[in-house]
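Chemist: Quick one: the structure is below, and I'll ask about it shortly.
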Amino acid sequence: MRNRLRVLGAALLILNPLAAQYRTAVPGYRFEFPRDYFNHPDFQTEWWYYTGNLKSLNGRRYGFELTFFRQALNRDPAQAATWDLKDLYLTHLALSDLDSRKFYHSERINRAGPGIAGVSRSTARIWNGNWQIQWEGSDQKLQAIENAFQLHLRLHPEKPPVIHGENGVSQKSQGAGHASLYVSLTRLTANGTIDLHGEKVEVSGLAWMDHEFFTHQLEGGQVGWDWLSLQLEDNTEVMLFRIRRKDGSRDPFSSGTYVDAQGKSTHLRAADFILEPLTDNWTSPVTHATYPIAWKMAIPKLEIELEARTSLAAQELAGKTKIAPPYWEGAITLKGHRGKMPLGGVGYLEMTGYDRAVNLAP
């Protein structure tokens, strides 16, 4: 759902009165590309999510995440100096070395300043320091340089963008505007290099991009969510999310999207799918949160049944800044069937609200 409201949660609670100055996500928005791949300053919160599963030439497996968040903090037109704090840019970077079972992650937080971080449609760029996405036509060049590792990837879309939800909005709770405008590129071929501890490796695989912008989403009884992006071997994709309520039940605003081999999308309501944890759990030594790291899912009308598992349990991002709540986000593999035919694939799993409730009610 990429309604990743973990972004700057504490700041949002403090700044709720500011939200009245921003647009909300309501039906009637007309998406236009490439415009809507970039910045939407009329909305208070925005993010760009890149995740993917990669393999080296000798079959070594990796997962990656690069996520850019923009959080509006000030709309005062009188504050227009270079160092004025109008938007906060938070970026998360992670690399999963799946075969070595090692997880690397880092984060950055900056104001725009004199070009330190930002989003620019005119230059087709999203960046925070030397972590960046540069659009070149329909392709994107991903670069992230950290002390222990580097990512240099070229991403090419195999399908057109997918608009999630109904009537152009992805509704997350009761009430007009409690929603996001949510677009994905669900099948990006990825090619490039990973440099880990000075060793450069050529890699290729599949990536997924989510972009959401909104001002309000969750309400007080919703404490977190479980989200999956699935890239299946039959050239189809699925996005599912389950919003969890305080009593542990699934919220009726949980939903998803199915994308067929030709790129046509179908909205999935909560009643259209099953998404439940299996018995495999992992407890973080840092936050002591316990995450279910294996899941079963089914979409009966499509005859799809799958299990999602990971070879690396420790894929929790517990940031040093303490601005964003901890969450688990990692690479998964998929096995199951469609009808009587075997079906596998790869994907990403995100789980929030296990350390503490993601309480971002307006």
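Chemist: For segment 79-97, which residues satisfy the criterion of being of a type outside the set (D, E, K, R) and farther than 20 Å from LEU155 by Cβ?
Modeler: GLN79, ALA80, ALA81, THR82, TRP83, LEU85, LEU88, TYR89, LEU90
Chemist: Need the failing condition index for GLU316 against (1) under 23 Å from ALA179 (Cα atoms); (2) in contact with a His (Cβ under 9 Å, 6 or more places away or on another chain), just the number.
Modeler: With (1) under 23 Å from ALA179 (Cα atoms); (2) in contact with a His (Cβ under 9 Å, 6 or more places away or on another chain) applied to GLU316, the lone miss is (1).
Chemist: Hey, another quick one. The conditions are (1) farther than 27 Å from GLY177 by Cβ; (2) not in a strand (DSSP E or B), and GLU32 fails exactly one of them. Which is it?
Modeler: GLU32 satisfies all of (1) farther than 27 Å from GLY177 by Cβ; (2) not in a strand (DSSP E or B) except (1).
Chemist: Next question, about the same structure. For segment 1-55, how many residues are β-branched (Val, Ile, Thr), modelled with pLDDT of 75 or more and under 22 Å from MET239 (Cα atoms)?
Modeler: Summing the residues that are β-branched (Val, Ile, Thr), modelled with pLDDT of 75 or more and under 22 Å from MET239 (Cα atoms) in segment 1-55 gives 3.
Chemist: How many residues are in contact (Cβ under 8 Å) with a residue 60 or more places away in the chain and in a loop (DSSP other than H, G, I, E, B) if we restrict to segment 35-63?
Modeler: Going through segment 35-63 one residue at a time, the tally reaches 7.
Chemist: Quick one: would you say HIS267 is surrounded by 14 or more Cβ atoms within 10 Å (Cβ to Cβ) and either more than 16 Å from GLN231 (Cα to Cα) or in contact with a helix residue (DSSP H, G or I) (Cβ under 7 Å, 6 or more places away or on another chain) (or both)?
Modeler: yes
Chemist: Test of understanding: among ALA318, ALA294, which residue is under 19 Å from ASN53 (Cβ atoms), in contact (Cβ under 8 Å) with a residue 12 or more places away in the chain and surrounded by fewer than 22 Cβ atoms within 10 Å (Cβ to Cβ)?
Modeler: ALA294
Chemist: Which pairs do you get when a residue that is among the aromatic types (Phe, Trp, Tyr), found in segment 257-273, comes within reach of a residue that is in a helix (DSSP H, G or I), reach meaning Cβ atoms under 7 angstrom, with the pair 6+ apart or on two chains?
Modeler: Going by the 7 Å Cβ cut-off, the qualifying pairs are TYR258/LEU302.
The values are calculated or read from the model by the stated rules, or taken from the named source; none is laboratory data. Bear in mind that the values here come from a model prediction, so they are computed numbers and not experimental data. Neighbour counts are summed over all protein chains in view; Cβ atoms, including those assigned to glycine, are modelled from backbone coordinates with ideal geometry.
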